[in-house]
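Only one structure is covered here, and it is reproduced in the block below.
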Amino acid sequence: MTTLVFVQLRCRPGHTYKVADEIILREIHSELYSTSGDFDLILKIYIPEGKDVGKYINDCLLDIDGIDRSLTTLTFKAF
């Protein structure tokens, strides 16, 4: 079974659209939105079965230039 996580990203000023474009090219997300508030982007990612969540996010997402900070929320049960 896959693990669903939401990842919020804070980008360096002027880099939000570049970061979003790179995420789109990597095809690792289910949904991607720009947001207001403390973070600039939020994405919904299904982590493949058997993959370590932290390592997957680190290796597949957080190496994108322009990301300053991330906040990952694990999900448990959908209602």
*Subset of segment 48-64 [hydrophobic (A, V, I, L, M, F, W, C) and within 11 Å of the chain's Cα centre (by Cα)]*: 57, 60, 61, 62, 64
*Test each condition in (1) out of contact with any helix residue (DSSP H, G or I) (no Cβ under 6 Å at 6 or more places or on another chain); (2) at pLDDT 95 or above; (3) small (Gly, Ala, Ser) for residue 78 and report the one that comes out false.*
(2)
*asked:* I'd like the residue in segment 1-15 that is in a loop (DSSP other than H, G, I, E, B) and touching a residue at least 24 places away in the same chain (Cβ under 8 Å) and, out of all such residues, is surrounded by the most Cβ atoms within 10 Å (Cβ to Cβ).
replied: 15
_Can you pull out every residue in segment 29-79 that is acidic (Asp, Glu) and not in a strand (DSSP E or B)?_
38, 40, 49, 52, 59, 63, 65
*asked:* When you check residue 40 against the structure, is it touching a helix residue (DSSP H, G or I) at 6+ places or on another chain (Cβ under 7 Å) and among the charged types (D, E, K, R), yes or no?
replied: yes
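Filter segment 16-47 down to residues that are among the acidic types (Asp, Glu) and surrounded by fewer than 14 Cβ atoms within 10 Å (Cβ to Cβ) and give me whichever is nearest to the chain's Cα centre (by Cα). Walk me through it before giving the result.
As a first pass, look at segment 16-47 and keep what is among the acidic types (Asp, Glu): 21-22, 27, 31, 38, 40.
Next, only the ones that are surrounded by fewer than 14 Cβ atoms within 10 Å (Cβ to Cβ) stay: 21, 27, 31, 38.
Working: 21: 12, 27: 11, 31: 9, 38: 15 Å.
Only one residue fits best here, namely 31.
The values are calculated or read from the model by the stated rules, or taken from the named source; none is laboratory data. This one's a predicted model, so the numbers in the text were calculated from it and none came from an experiment. Quick reminder, even Gly has a Cβ in these numbers, built from the backbone with ideal geometry, and neighbours come from all protein chains shown.
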